[in-house]
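Report on the following structure.
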Amino acid sequence: MTVLRTPEGRFADLPDYPFRPNYTQVATVGTEPLRMHYVDEGPEDGQVVLLVHGQPTWSYSYRKVIRTLVAQGLRAIAPDHIGFGRSDKLSEPTDYILERHVHWLHSFVASLDLRNVALVVHDWGGPIGLSVLARDPDRFARVVATNTVLHTADPSLAGKLGWALHGVGNAQVTVQEALLDYVMFYQRAPDIRPSLFVQAASGPLPAEVLAAYDAPFPDRSFKAGLRQMTTLVPLTRNDPGAAIGRATMASLERWERPFLTAFSDGDVATRGWDTVFQERIPGARGRDHVTIHGAGHFVQEQKGEELGRIIAGFTSSA
């Protein structure tokens, strides 16, 4: 196992990202201890808001949210998954499995001994972060889910999702063609750049912002985790990720603490999951859930201040 570490110079003078880097060691079965990076801003005794990013982004995507939360007196903590951002990167794609991502994040939460946490999850931050909550629920006080999923390939999802992924009968699945195209592109493209996908879903962005999204990956050798994460999408009920998703959903179906969805109106890839969460999670029922207008998948990039205000208001509510 080869561990790579992006040179610090790649992160110099990133636009609107003045945050001091912090690091802690995380561990899981089958790997050596690794260094995970995180942003930690705001008062040390403030309410903790844990911001969990997805793919292909890193904590940079939450920069506007962080600034807004800190202005409200909250403590914003935004880790980078192993393989992303300033965190360590393993060189082999098969070193990355969903179970390890869950363990790494759980190890992070435990190493900082985070408690009474307001968990915010986006994209892959949902399957990873919500699975940590399912395994250690007493550390968490509430959840905000934005443009995320929890794929289980369950037949009951038929007709409910913008991008279909559900079992049919005993041995078939229905999968959205666009989702398969996305997974295959990440495996077959000679090279991949996070900025390509962020801009495609967000519209034109300044060149220096696009460069910041690409900063963690100086060359292809650093991109194993970035490339591999799409293969972890559970496309069948037999996939280990689907089993994790089902166990996590079963736990969430007993979750009575506050749960808010704040999805954008322009993200077909996660459309419908807000309704699934609202229907299945007791803590989500009867709440005034939010639709963020005028944003695509990367809502933090397009509407970061608005998302930050939503999180701050929800965190301070009863």
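Observations on the model:
- Of the GluC sites (Glu not before Pro) found in the stretch 239-306, those that fall in a DSSP loop while having at most 13 other beta-carbon atoms within 10 Å are E253, E256.
- Ranked Y38, Y60, criterion: other C-beta atoms within 10 Å, fewest first: Y38, Y60
- Alpha-carbon Rg/Rh ratio, for the stretch 146-294, with Rh computed the Kirkwood way: 1.00
- Annotation: the residues F259, F222, F84, sorted from fewest to most other C-beta atoms within 10 Å of their own C-beta, follow the order F222, F259, F84.
- Dipole-positive endmost among G304, L150, S251 within the stretch 3-315 (Cβ charges, Cα centre): S251
- Karplus 3J(HN,Hα) series, Hz, for the stretch 3-14 with 6.51 cos²θ - 1.76 cosθ + 1.60 (x for Gly, Pro): 9, 10, 9, 4, x, 4, x, 5, 9, 6, 6, 5
- Taking other C-beta atoms within 10 Å as the exposure proxy, K160, K89, K223, K64 rank K160, K64, K223, K89 from fewest upward.
- Relative packing of peptides 242-250, 90-98 - highest average C-beta neighbours within 10 Å first: 242-250, 90-98
- By average C-beta atoms within 10 angstrom, highest first, the peptides 142-149, 209-216, 6-13: 142-149, 209-216, 6-13
- Label-zone membership for the stretch 10-36, site T94, 7 angstrom Cα→C-beta point, backbone N under 20 Å: 28-32
- Within straight-line reach of K89, meaning a Cα separation under 16 Å, sit the following aspartates and glutamates at least 8 residues removed in sequence or on another chain: E8, E32, D80, D214, D219.
- Projected-area average for the chain over all orientations - Cα convex hull basis, square nanometres: 15.0 nm²
Values quoted throughout were computed directly from the atomic coordinates according to the rules given, and no laboratory measurement underlies them. None of these values were measured; they are calculated from a predicted model. No Cβ is skipped: glycine too gets one built from the backbone with ideal geometry, and neighbour counts run over all protein chains shown.
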